[in-house]
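The values are calculated or read from the model by the stated rules, or taken from the named source; none is laboratory data. Quick caveat, the model's predicted, so the values are computed rather than measured. Every residue, glycine among them, receives a Cβ derived from its backbone with ideal geometry; neighbour counts consider all protein chains shown.
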Amino acid sequence: MTATDPVANLQTLIRCPSVTPAEGGALSALDAMLSPLGFKVDKVMATEPGTPDVENLYARIGNDGPHLMFAGHTDVVPVGDEAAWTHPPFAAEIAGGEMFGRGAVDMKGGIACFVAAVARHVEKHGALKGSISFLITGDEEGPSINGTIKLLQWAAERGERWDACVVGEPTNPDALGDMIKIGRRGSLSGKITVHGVQGHAAYPHLADNPVRGLLQLTTALMDPPFDGGTESFQASNLEVTTVDVGNPATNVIPAKATASFNIRFNDTWTADTLRAEIIRRLDAAAAEGKLRPGREPVRYEIIWADRPSHVFLTRNNALIASLSSAVENITGKAPRLSTTGGTSDARFIKDYCPVVEFGLVGQTMHMVDERVSVADLETLTQIYQTFIERWFENAGA
């Protein structure tokens with residue numbers, strides 16, 4: 001069996017139990033697929049105090065010309081209750097035309113297909129008129145500290161430059177060909193703490209209930225809307241994700257109350273302008289007395305989460321047109337260009353080259369019985385193979 005078969009490639013990768021941050025043999029298996037094709041493969045161990053060490057992989061074939069990167073991750077989320085799986089999560093068993101296993105769609109399947117596409121391209125055309133690289137991390141499902149960020153830095157310091165990138169995340173909602181991601185909303189998180197005065201619930205005049213103040217602040221964050229959306233992005237949306245007072249007693253007014261929030265924002269904002277708007281809303285709400293008549297302004301503090309994700313939109317015709325036409329050629333339908341969903345490692349790659357995302361159908365990712373249609377593996381491989389040919393033509397190879 002050669003690397004031209006995406007089914008065999010994926011079975012090999014799924015059988016490596018690479019639950020983040022463990023390598024689990026997945027990168028070694030990928031090395032064994034790529035090296036015979038002529039790739040120079042480097043394993044890069046990244047470290048950071050207080051975080052697990054992570055092994056990553058960078059592989060390149062070709063020395064010049066247009067340089068296309070494929071990015072992805074071999075780490076997977078935990079399997080959960082293994083007894084709930086109808087097929088063992090690391091067995092890669094095929095039943096009813098589907099392959100079962102953790103990482104089948106998120107995203108070992110995308111990697112398996114791109115490897116097969118490159119292998120077929122090399123088999124058909126011989127030496128590349130340009131370069132292709134694989135940038136594969138073991139830290140996408142983890143804290144994302146010792147993965148793509150550091151691997152990009154490592155490669156760039158050694159002179160690597162890229163003209164375009166495809167991230168193989170499962171972007172399609174229902175069927176292959178539905179959607180290409182050409183950008184992502186930004187993400188900003190924070191935690192608000194409101195300080196009050198603890199006391200007996202029967203004597204509220206002797207206390208200051210921070211829950212009242214927290215309600216004022218969180219309401220101001222959720223209403224009015226931050227914007228109405230833009231041509232390329234959904235409306236920015238803030239969600240309060242946790243509220244806590246740490247109080248087991250029903251007759252005690254707590255001393256403090258906290259709330260965490262996350263906002264996914266569009267290109268109306270930057271992280272800095274959004275922080276300023278949130279502070280403006282909080283300060284205005286803190287001065288209100290609707291829920292706290294006669295009280296002083298709400299006393300609060302806010303702690304911002306590290307490393308917000310910045311909004312981005314890719315505008316690169318050679319990349320988008322090559323992939324869109326390849327999808328339409330193989331599936332018969334024009335994919336929708338979208339910026340929906342959460343974040344991915346594309347948020348780091350966009351600082352180095354234009355990037356889009358396209359992979360398998362994501363309906364079972366992170367679920368018990370994660371699985372992929374075997375037919376989809378062949379179809380995605382054909383899409384990637386056609387894209388590679390068209391991208392190099394459009395990029396001037």
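For the condition in contact (Cβ under 8 Å) with a residue 24 or more places away in the chain and closer than 30 Å to F90 by Cβ, what is the one hit in G341, G396, G332? Break it down into steps so the answer makes sense when it comes.
Details: G396 fails: closer than 30 Å to F90 by Cβ; G332 fails: closer than 30 Å to F90 by Cβ.
When all the criteria are applied, what remains is G341.
For the range 273-314, give me each residue that is outside any helix (DSSP H, G or I), of a type in the set (K, R) and free of Cβ contacts under 8 Å to residues at least 60 places away in the same chain. Lay out the reasoning, then the answer.
Keep residues of the range 273-314 that are outside any helix (DSSP H, G or I), which gives 287-314.
Next, only the ones that are of a type in the set (K, R) stay: 290, 292, 295, 299, 307.
Residue satisfying the conditions is R307 alone.
Would you mind finding the one in G50, G65, G72 that is under 17 Å from I149 (Cβ atoms) and at pLDDT below 95? So that I can check it myself, show each step before the final result.
Details: G65 fails: under 17 Å from I149 (Cβ atoms); G72 fails: at pLDDT below 95.
None of the other options fit; the residue is G50.
Just one of (1) more than 18 Å from V368 (Cα to Cα); (2) within 16 Å of the chain's Cα centre (by Cα); (3) part of a loop (DSSP other than H, G, I, E, B) trips up V105, so point out which.
Just one mismatch for V105, condition (1).
Can you tell me which residue in the range 42-57 is surrounded by the fewest Cβ atoms within 10 Å (Cβ to Cβ), limited to those that are farther than 11 Å from I136 by Cα and without any contact (Cβ under 8 Å) to a residue 24 or more places away in the chain?
Restricting attention to the range 42-57, the residues satisfying the condition of being farther than 11 Å from I136 by Cα are 45-54.
Within this subset, residues satisfying the condition of being without any contact (Cβ under 8 Å) to a residue 24 or more places away in the chain are 45, 49-50.
Details: M45: 12, P49: 4, G50: 6.
If we take residues in the range 42-57 being farther than 11 Å from I136 by Cα and without any contact (Cβ under 8 Å) to a residue 24 or more places away in the chain, then P49 is surrounded by the fewest Cβ atoms within 10 Å (Cβ to Cβ).
So in the range 27-49, with the set limited to residues that are hydrophobic (A, V, I, L, M, F, W, C) and assigned to a strand (DSSP E or B), which one is nearest to C113 (Cα to Cα)? Quick ask: steps written out before the conclusion?
At the first step, the residues of the range 27-49 found to be hydrophobic (A, V, I, L, M, F, W, C) are 27, 29-30, 32-34, 37, 39, 41, 44-46.
Cutting the leftovers down to assigned to a strand (DSSP E or B) gives us 41, 44-46.
Working: V41: 18, V44: 23, M45: 25, A46: 26 Å.
Result: V41.
Please determine whether any residue of the range 136-149 is out of contact with any strand residue (DSSP E or B) (no Cβ under 9 Å at 6 or more places or on another chain), closer than 21 Å to L10 by Cα and of a type in the set (A, V, I, L, M, F, W, C).
no
Give F70, F100 a once-over and let me know the one that is surrounded by 22 or more Cβ atoms within 10 Å (Cβ to Cβ), of a type in the set (A, V, I, L, M, F, W, C) and over 20 Å from the mean Cα position of the chain (by Cα). Even if it seems obvious, please write down each step before you answer.
On the way: F70 fails: over 20 Å from the mean Cα position of the chain (by Cα).
Every option except F100 fails the conditions.
Given (1) out of contact with any Leu (no Cβ under 8 Å at 6 or more places or on another chain); (2) within 25 Å of I145 (Cβ to Cβ); (3) part of a helix (DSSP H, G or I), identify the lone condition not met by F348.
Going through the list (1) out of contact with any Leu (no Cβ under 8 Å at 6 or more places or on another chain); (2) within 25 Å of I145 (Cβ to Cβ); (3) part of a helix (DSSP H, G or I), F348 breaks only (1).
Table: residues versus (1) within 17 Å of the chain's Cα centre (by Cα); (2) small (G, A, S); (3) surrounded by fewer than 19 Cβ atoms within 10 Å (Cβ to Cβ).
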site: S309; (1), (2), (3): yes, yes, no
site: V327; (1), (2), (3): no, no, no
site: P335; (1), (2), (3): no, no, no
site: S338; (1), (2), (3): yes, yes, no
site: R347; (1), (2), (3): yes, no, no
site: V355; (1), (2), (3): yes, no, no
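What number goes with the only condition from (1) closer than 26 Å to I149 by Cα; (2) over 32 Å from the mean Cα position of the chain (by Cα) that I263 does not pass?
(2)
Could you count how many residues in the range 270-294 are more than 34 Å from the chain's Cα centre (by Cα) and surrounded by 14 or more Cβ atoms within 10 Å (Cβ to Cβ)? Reasoning before the result, please.
Step one: filter the range 270-294 for residues more than 34 Å from the chain's Cα centre (by Cα), giving 284, 286-294.
Imposing the further condition that a residue be surrounded by 14 or more Cβ atoms within 10 Å (Cβ to Cβ) reduces the set to 286, 288, 291-292.
Summing the residues that are more than 34 Å from the chain's Cα centre (by Cα) and surrounded by 14 or more Cβ atoms within 10 Å (Cβ to Cβ) in the range 270-294 gives 4.
Would you point out which residue out of D53, D5 is in contact with a Pro (Cβ under 8 Å, 6 or more places away or on another chain), charged (D, E, K, R) and farther than 24 Å from C165 by Cβ?
On the way: D5 fails: in contact with a Pro (Cβ under 8 Å, 6 or more places away or on another chain).
Going through D53, D5 in turn, just one is in contact with a Pro (Cβ under 8 Å, 6 or more places away or on another chain), charged (D, E, K, R) and farther than 24 Å from C165 by Cβ: D53.
Being touching a residue at least 40 places away in the same chain (Cβ under 8 Å), surrounded by fewer than 16 Cβ atoms within 10 Å (Cβ to Cβ) and out of contact with any helix residue (DSSP H, G or I) (no Cβ under 9 Å at 6 or more places or on another chain): is that true of T250 here?
Details: touching a residue at least 40 places away in the same chain (Cβ under 8 Å): yes; surrounded by fewer than 16 Cβ atoms within 10 Å (Cβ to Cβ): yes; out of contact with any helix residue (DSSP H, G or I) (no Cβ under 9 Å at 6 or more places or on another chain): yes.
Taking the combined requirement at face value, the residue satisfies it.
Report, ordered by the first and then the second residue, all pairs with beta carbons closer than 8 Å, sequence separation of six or more or different chains, a first member in the range 1-17 that is without any contact (Cβ under 8 Å) to a residue 40 or more places away in the chain and in the same structural domain as A29 (by TED's automatic domain parsing), and a second member that is basic (K, R) and crowded, with 22+ Cβ neighbours inside 10 Å.
Within 8 Å, no pair qualifies.
Residue pairs, Cβ under 6 Å, 6 or more apart or interchain, first in the range 210-236 and touching a residue at least 40 places away in the same chain (Cβ under 8 Å) and more than 28 Å from R295 (Cα to Cα), second of a type in the set (A, V, I, L, M) and assigned to a loop (DSSP other than H, G, I, E, B). List them.
Pairs found: D227/A235.
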